[in-house]
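Quick notes on the structure that follows.
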Amino acid sequence: MNLLDKLNWRYATKVFDPSRRVSTNDLNFLKEAIRLSVSSYGLQMYKVLIIENPEIRKELRKAAWDQAQITDASHLFIFCNYTVNHDQHVDDYIQLIINTQGTADTNGLKKYGEFIKSDIANKTSAERKSWAEKQTYLALNSLIIACADRQIDACPMEGFDKHAYNRILGLDELGMNASVIAPIGYRSANDETQRRKKVRKPMDQLFELA
């Protein structure tokens, strides 16, 4: 299967097989795909929680309108954007560039860091929140494509109570916010959704050359 075949194969899985688990090797593959994801400035202003604990997932399911994917999937990925200490995150990123690339132009990079800080600071609180949450969706897309590549099922979800998730996971105290989630695993034979034809706009409606 090529990539387009795999993207046609995937769908937002509604019923997972709770008896099947994603292997450690495949889980590491998915984590690396997320790590390599595109992000604004390359900052990756987020953290990804991978929830296995069944008791925690029972609580999270209650805060997601009792959707069974939360507990039946192999793993639950929670993409959390940072909400505080943006300057420190930028400083850490600039230092990571210096350490990784071994550049001698540390002053130039530090000036670049100040530019990024200024850009973030000049946003309104609403703009900053929107920007930070959008970054997690870029990472989510990397997960979805990587899952399709390994024929692992996934279901990106916005249908959950963010405030409840933040409380259950103690995210407010960590300066983080649960932005979007994705259970992953393997589809159940009982999931009728997999037998439906994929519905997407035709090329001539979706694209326009100018």
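Results, tabulated for the structure shown:
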item	result
Total residues in segment 162-210, condition part of a loop (DSSP other than H, G, I, E, B) and of a type in the set (S, T, N, Q)	2
Verdict on Ala139 being open to solvent by less than 80 Å² (accessible area, probe 1.4 Å), in contact with a strand residue (DSSP E or B) (Cβ under 8 Å, 6 or more places away or on another chain), in a helix (DSSP H, G or I) and of a type outside the set (Phe, Trp, Tyr)	yes
Tally of residues being open to solvent by 20 Å² or more (accessible area, probe 1.4 Å), assigned to a helix (DSSP H, G or I) and of a type in the set (D, E, K, R) across segment 52-78	6
Complete set of residues in segment 78-95 that are closer than 19 Å to Leu171 by Cβ and in contact (Cβ under 8 Å) with a residue 12 or more places away in the chain	Ile78, Phe79, Cys80, Asn81, Tyr82, Thr83, Val84, Asn85, His86, His89
Leading residue by the ranking (farthest from the chain's Cα centre (by Cα)) among those in segment 162-210 that are small (Gly, Ala, Ser) and open to solvent by 50 Å² or more (accessible area, probe 1.4 Å)	Ala210
Unmet requirement for Ile34, which otherwise passes all of (1) β-branched (Val, Ile, Thr); (2) within 18 Å of Arg150 (Cα to Cα); (3) modelled with pLDDT under 95	(3)
Hits in segment 19-51 - residues which are closer than 18 Å to Ile70 by Cβ, more than 15 Å from the chain's Cα centre (by Cα) and without any contact (Cβ under 8 Å) to a residue 60 or more places away in the chain	Ser19
Ile145 in contact (Cβ under 8 Å) with a residue 60 or more places away in the chain and either in a strand (DSSP E or B) or exposed (fewer than 15 other Cβ atoms within 10 Å of the Cβ) (or both)	no
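The values are calculated or read from the model by the stated rules, or taken from the named source; none is laboratory data. Remember, predicted model here, so these are calculated numbers, not experimental data. Here Cβ is always computed from backbone atoms with ideal geometry, including for glycine, and neighbour counts include all displayed protein chains. Side chains are part of the model used for accessible areas, which takes the heavy atoms of the whole protein and leaves out ligands, DNA and RNA. Shrake-Rupley method; radii C 1.70, N 1.55, O 1.52, S 1.80 Å.
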